[in-house]
Amino acid sequence: MTNSPPGIGTISYETSVLRMSCLYGFISAGVFAAVVSAAGASAAKLDAAPLNAAIAQRPVANANPWTTRWETRRLDVVNGVMRELDAGTNIIMKRHWTKAVIVVWLLAGLLPVAGTGGSAAMAQALERFEFSEPHLGTLVAVTLYAPTETVATEAAAAAYARIKVLNRILSDYQDESEVTRLCRTAGSGTAVEVSPELFEVLSRSLALAEATDGAFDPTISPVIKLWRTARKQRQLPDPQQLAAARELVGWKHVKLDAQRRTVELLKPGMQLDFGGIAKGYIAQQVRDLLVRRGQNRCLIAVAGDIVAGDPPLDADGRETAGWKIGVAPLDKPNGPPSRMLRLKNCSVSTSGDAFQFVEIGGVRYSHIVDPKTGLGLTQRSSVTIIAPDGANADGLATAVTILGVERGLKLIEQSQNAASTHRTAALIVFVGSDGLTASESPHFKAFVIDN
């Protein structure tokens, strides 16, 4: 357990107001950095639906022995990230590292919510714990409330164990992951029985592909791999190779059998890439696991894919209005947030090209590739999606980035689930000839904190 030590990259230490902790989650040079800093007394001892239903800076005053070892553990975490990146292991989607242009403020001092029944007894019963470990090519931060350190540590261990299992299922960077083994059967005429997790992610990806007319396409992998090489070499993909790769892309060439839970990839050589949805899905899975264990008050940040549970408690043990999350501006991604959001029991994801891009021939190409053209996007943008579910937020952020403002906002309204009490909302910011332009979906303002 740590107090969210930073990873590699540009790191900003901020001193917050009394009873406030802040966790910065952003990408610099392609790597997530997470920082928690506290001022005054923090919480407890730490001061010491699928789309359309288908789809330590150390604490100030502390007797906690964990924080006395923060400096050495910080180096261990940083070196751990470096080792994983060098080895190419445990990385599920580099093309979405830049989705973490999000700032998470974990407030322990918000005004209590009327009628929540909070009391000093609650503060004594629950303590706030913060963990971070390197997984999925980034630092995964888990904040949770638990009655004891033992309960919290066991819950965090279960959360990270779950992430490892899901990574072995969904990562296209691992030669023996389940999705990689499935791809080796492409064109063989074999329907392969897959795990429930793989089937769910693929089903939801295909539903989103259909809803976006292919703007989101989980079979984009052959093209993505060409662009990974292009960014390293700073050269555009060879036109003939790009044309051949595009021939392998097509979500309609994936056949699912829900009753048998089988998948058949119809085209020889086609491959799957869950880079636009998996981190959000994994964050949601971790949140659901913690809720089943009784840790309803939690926040999971997998780079810029964030899933929130019940609201945090203030220093007196009363329930606050929610987790406070700031969206960094597109033109100054390491600067103060342009908007502050308050969220509970939902998710938020940001997709953009603030850090992950390559300039070739004077043209800036995003790491996000349009399946219809096979080219990286050239219009700078940042898309933030709030949704009831992590996979929805992640997938929609990717899709809306590709679709653009008009079609993207239409998709958001079409994705509303009438059966859910939560609404899906979007903030779309792009750079045009007149500078930055921001567009919001109708429900977005409900999550914004007025200045």
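Miscellaneous remarks
- Of everything listed in (1) hydrophobic (A, V, I, L, M, F, W, C); (2) under 25 Å from the mean Cα position of the chain (by Cα); (3) modelled with pLDDT under 95, the single unmet condition for Leu182 is (3).
- Any hit, the stretch 219-233, residues being at pLDDT 95 or above, over 25 Å from Ala397 (Cβ atoms), over 24 Å from the mean Cα position of the chain (by Cα) and surrounded by fewer than 20 Cβ atoms within 10 Å (Cβ to Cβ): no
- Here Ile325 fulfils each of the conditions (1) assigned by TED's automatic domain parsing to the domain that holds Ile402; (2) β-branched (Val, Ile, Thr); (3) at pLDDT 80 or above apart from (1).
- For the stretch 276-294, the candidate set comprises residues that are buried (at least 24 other Cβ atoms within 10 Å of the Cβ) and of a type in the set (Lys, Arg); within that set, the residue that is nearest to Ala215 (Cα to Cα) is Lys279.
- Among (1) under 24 Å from Arg364 (Cβ atoms); (2) surrounded by fewer than 16 Cβ atoms within 10 Å (Cβ to Cβ) - the single one Asp213 does not satisfy: (1)
- Test for Gly269: is it under 16 Å from the mean Cα position of the chain (by Cα), small (Gly, Ala, Ser) and part of a loop (DSSP other than H, G, I, E, B): no
- Considering residues of the stretch 403-446 that are at pLDDT below 85, under 22 Å from Arg204 (Cα atoms) and among the polar types (S, T, N, Q) only, the residue surrounded by the fewest Cβ atoms within 10 Å (Cβ to Cβ): Thr421
- Residue within the stretch 295-314 that is among the small types (Gly, Ala, Ser), crowded, with 19+ Cβ neighbours inside 10 Å and either more than 19 Å from the chain's Cα centre (by Cα) or not assigned by TED's automatic domain parsing to the domain that holds Phe129 (or both) present: no
- Selected residue (criterion: nearest to Leu206 (Cα to Cα)) from residues of the stretch 234-266 that are modelled with pLDDT of 95 or more and assigned to a loop (DSSP other than H, G, I, E, B): Gly250
- Qualifying residues in the stretch 144-172 (those that are touching a helix residue (DSSP H, G or I) at 6+ places or on another chain (Cβ under 8 Å) and assigned to a loop (DSSP other than H, G, I, E, B)) - the one surrounded by the most Cβ atoms within 10 Å (Cβ to Cβ): Ser171
- Residues located in the stretch 173-188, provided they are part of a loop (DSSP other than H, G, I, E, B) and either out of contact with any Lys or Arg (no Cβ under 7 Å at 6 or more places or on another chain) or closer than 24 Å to Thr138 by Cα (or both): Tyr173, Gln174, Asp175, Glu176, Ser177, Arg184, Thr185, Ser188
- Looking only at the stretch 196-205, residues that are in contact with a helix residue (DSSP H, G or I) (Cβ under 6 Å, 6 or more places away or on another chain) and surrounded by fewer than 21 Cβ atoms within 10 Å (Cβ to Cβ) come to 1 in all.
- Inter-residue pairs, beta-carbon under 6 Å, first part of a helix (DSSP H, G or I) and in the stretch 403-414, second of a type outside the set (Ser, Thr, Tyr), 6+ apart: Leu403/Ala215; Val405/Ile428; Gly408/Val400; Gly408/Ile428; Ile412/Ala426
- Test for Thr384: is it modelled with pLDDT of 95 or more, among the polar types (S, T, N, Q) and crowded, with 24+ Cβ neighbours inside 10 Å: yes
- Condition met for Ser366 (under 21 Å from the mean Cα position of the chain (by Cα), surrounded by 16 or more Cβ atoms within 10 Å (Cβ to Cβ) and over 21 Å from Ala211 (Cα atoms)): yes
The values are calculated or read from the model by the stated rules, or taken from the named source; none is laboratory data. Small disclaimer: the values here were computed from a predicted structure and weren't measured. Note that each Cβ is placed from the backbone with ideal geometry, even for glycine, and that neighbours are counted across all protein chains shown.
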